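Okay, so here's the structure we're looking at.
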Amino acid sequence: MFTGRCLCGAVRYESPGPALFAAVCHCRDCQRASGSGGVPVLGVPRASFACSGPVKASRIRGGSGLAAVRNFCSECGSLLFGTPEAAPEMVTIYAGSLDDPACFAPAEALFASQRPPWAKLAADLLEHATLPGQ
């Protein structure tokens, strides 16, 4: 079970999983959205994801040409999860918002070609220059 919340506690979410993937994304969009060198993210089935509280969505055109939708708490601004139009069957949970961050076990680094030199992780991850298969 994956559970999480925003910084102020106004928004909570949960999903029984399973995790469809676990990665650190270093694309420029994730860098700008998070203010960091990359976003640790895991995917879960949308059908089993539940959220409560005041969520606000931010939409930008993603690499697929469809909207990348990032959802955050409208009270404190915490970035919580994504609902990408390119993958409507999935929700992407930002691992920093998990109640138990130890349940996040990344296997891959995405868009490693866009990662700043200072954001190299010590973890031994399979690295992809962009998305796998592209």
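The values are calculated or read from the model by the stated rules, or taken from the named source; none is laboratory data. It should be emphasised that the depicted structure is a prediction, and the values quoted were computed from it without experimental measurement. Glycine also receives a Cβ, built like all others from the backbone with ideal geometry; neighbour counts cover every protein chain displayed.
Restricting to segment 52-93, count the residues that are of a type in the set (A, V, I, L, M) and either modelled with pLDDT of 90 or more or in contact with a Phe, Trp or Tyr (Cβ under 9 Å, 6 or more places away or on another chain) (or both).
Within segment 52-93, the first condition is being of a type in the set (A, V, I, L, M), and the residues that meet it are 55, 57, 60, 66-69, 79-80, 86-87, 90-91, 93.
The next check asks that each one be either modelled with pLDDT of 90 or more or in contact with a Phe, Trp or Tyr (Cβ under 9 Å, 6 or more places away or on another chain) (or both); those that pass are 55, 57, 69, 79-80, 90-91, 93.
Within segment 52-93, residues that are of a type in the set (A, V, I, L, M) and either modelled with pLDDT of 90 or more or in contact with a Phe, Trp or Tyr (Cβ under 9 Å, 6 or more places away or on another chain) (or both) number 8.
Looking at the structure I just gave you, is Ser48 in contact with a helix residue (DSSP H, G or I) (Cβ under 9 Å, 6 or more places away or on another chain) and either touching a residue at least 12 places away in the same chain (Cβ under 8 Å) or not hydroxyl-bearing (Ser, Thr, Tyr) (or both)?
Working: in contact with a helix residue (DSSP H, G or I) (Cβ under 9 Å, 6 or more places away or on another chain): no; either touching a residue at least 12 places away in the same chain (Cβ under 8 Å) or not hydroxyl-bearing (Ser, Thr, Tyr) (or both): yes.
Judged against the criteria, Ser48 is not a match.
For segment 53-71, indicate whether the set of residues that are surrounded by 19 or more Cβ atoms within 10 Å (Cβ to Cβ) and under 15 Å from Gly96 (Cβ atoms) is non-empty.
Our first condition is that a residue be surrounded by 19 or more Cβ atoms within 10 Å (Cβ to Cβ); within segment 53-71, this holds for 68, 70-71.
Add one more test, that the residue is under 15 Å from Gly96 (Cβ atoms), and what stays is 70-71.
Taking every residue of segment 53-71 in turn, at least one turns out to be surrounded by 19 or more Cβ atoms within 10 Å (Cβ to Cβ) and under 15 Å from Gly96 (Cβ atoms).
Would segment 73-94 turn up any residue that is surrounded by fewer than 17 Cβ atoms within 10 Å (Cβ to Cβ) and closer than 15 Å to Thr3 by Cα?
no
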